[in-house]
Amino acid sequence: MVTIKDIADRTHVSASTVSRVLNNDETISVLDETRERILQAARELGYKTILERRILQKKKASKKERVSVGIVLCQNVEEELSDPYFLSIRQGVEAELSSHGIKTTMFRLRETDADQHVEGLDGLIVIGRLKESALKGARDLENVVYINHSPDDDLYDSVGIDFEKATEKVLKHFLDAGYKTIGYIGGRERLHLKNESITYEDKRHTTFERVMKEKGMYKEEWVYIDEFTMAHGYELMKKAILSGDLPEAFFVASDPMAIGALRALQEASLQVPEDVAVISFDDIEMARYASTPLSTIRVHTNEMGRIGVKLLLERLNGRKLPLKVTVPTELVIRESCRKA
C-alpha cells in the first residue's frame, strides 16, 4: 500500500507537509507548484487518503448488499442426504457467500421453476450436471459458474476434478499392491431437468474399463452399476458375492456405496482387506469411521464450492474470460486395502 512517506520521498518534501496537503489543511503555507507536485505524485502512485478509503469501503459494502446470487441445486433432498458429496459443495458455496455478506436465493431445479428465480439475480452458481437450456431465464446472464460440470468452457466458469486421473491413481495403487483381479461398483451419472433425467457416462466407470482393458485384466462380469446410494452399494456387493466369482479388490465410485458394500462383505464373513480390498471415492467424514476405515480418493468438495464463489465475484467485478478450475484430488490409504 502506498504511504505518505513514499510520496514525500518522490517529491522531496517532508512527510508532514505531504500529509497536510493531501488532507486539505487550509492553514498550511506552501507554493502552488509544490502542492501540485504532491497531488500529481499521489495520483500516479494511487494513494488514497483515510477519508477516500472510508468512502470506497462504504461503496463496496453498499455494492455487496445489492448483489444477489442464486444457487441452483440439481439434486433433490433425498439424493443430497444419501450422498454428502454435493451437500459439502453447497456448504462451501454458502459459507463463502455469507463471508462476503451476499444475499442468496436457493432452489432445486426439479422442484421449482428456474425462470421465477433468475430474474433480478446478479449471478448463478449451479451445483451438479445441468443442460444450459434448462436455465431459460439465464440465457443472457454471463455470470454463471458450474460446479462439478461444465456445459461450455468457452462461455462459463466452472470448477471440477479430474475423474480420469483420480481413477488411474486407484488402479495404480491396486496393481502396485499386487492385486490381480479388480472389480468396479458404481452409479449412474445423470443430467437433471424438472420433468426428466438423462443418463451420461461416468468417467470413473469409463476410465476403469479403459485401463483394465489396456492391462488385459477387464472382465465385464466384475462391473456392477446401479444408483449412488448406500443401499445399492450393499445390494451390488451381495450380488457380486453370490456370483461365486469375487475379485480380490473393488473400486467403488462413492463412499456411501462402499459403506454399504462393507456391510455385505461383513454379513458374508469376508474380511477386508484380507479377502476383498476396497478403495472408494469422496472421503466423506463417514469413510474414516466405517467398520473398516476406507481407503478413498479425497475430493476437496467444500473448497470447490468456495472457489466457485470466488470465480463468480471476479466475473461480477468485470472479468470476461471464462476460467475452468480443476481441483486436485489425493489418494488416502487406510485399512480397507493393502499398502503398495
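When you scan region 209-260, how many residues do you find that are in a helix (DSSP H, G or I), of a type in the set (Phe, Trp, Tyr) and open to solvent by less than 30 Å² (accessible area, probe 1.4 Å)?
Selection size over region 209-260: 1.
Does region 71-86 hold any residues that are open to solvent by 40 Å² or more (accessible area, probe 1.4 Å) and modelled with pLDDT of 80 or more, and which are they?
The answer is PHE86, and nothing else.
From (1) in contact with a helix residue (DSSP H, G or I) (Cβ under 8 Å, 6 or more places away or on another chain); (2) surrounded by fewer than 15 Cβ atoms within 10 Å (Cβ to Cβ), pick out the condition that doesn't hold for LYS320.
Condition not satisfied by LYS320: (1).
Looking only at region 22-58, which residues are modelled with pLDDT under 85, aliphatic (A, V, I, L, M) and not in a loop (DSSP other than H, G, I, E, B)?
LEU22, ILE50, LEU51, ILE55, LEU56 - these are the residues of region 22-58 that are modelled with pLDDT under 85, aliphatic (A, V, I, L, M) and not in a loop (DSSP other than H, G, I, E, B).
Cβ contacts < 6 Å: first residue farther than 25 Å from ILE182 by Cβ, restricted to region 156-169; second residue open to solvent by less than 20 Å² (accessible area, probe 1.4 Å) and part of a helix (DSSP H, G or I), any location; separation 6+ or different chain. Result?
ASP157/LEU311; VAL159/MET304; VAL159/GLY308
Go through (1) closer than 23 Å to SER82 by Cβ; (2) of a type outside the set (Lys, Arg); (3) open to solvent by less than 70 Å² (accessible area, probe 1.4 Å) and name the single condition GLU267 misses.
For GLU267, the failing item is (3).
Between residues in region 225-240 that are free of Cβ contacts under 8 Å to residues at least 60 places away in the same chain and residues that are surrounded by fewer than 18 Cβ atoms within 10 Å (Cβ to Cβ) and not in a helix (DSSP H, G or I), which pairs lie under 6 Å by C-beta distance while being six or more apart or on different chains?
HIS232/ASP226; LEU236/ASP226
Which of the residues that make up region 183-208 are surrounded by fewer than 16 Cβ atoms within 10 Å (Cβ to Cβ) and at pLDDT 90 or above?
Passing the criteria: only THR206.
Residue by residue through region 323-340, note down the ones that are within 23 Å of ILE284 (Cα to Cα) and open to solvent by less than 70 Å² (accessible area, probe 1.4 Å).
Those that are within 23 Å of ILE284 (Cα to Cα) and open to solvent by less than 70 Å² (accessible area, probe 1.4 Å): VAL325, VAL327, THR329, LEU331, VAL332, ILE333, ARG334, SER336, CYS337.
The values are calculated or read from the model by the stated rules, or taken from the named source; none is laboratory data. All values reported here derive from a predicted model rather than from experimental measurement. Glycine gets a Cβ as well: all are built from the backbone with ideal geometry, and neighbour counts include every protein chain shown. Accessible surface areas use protein heavy atoms only, side chains included; no ligands, DNA or RNA. Shrake-Rupley method; radii C 1.70, N 1.55, O 1.52, S 1.80 Å.
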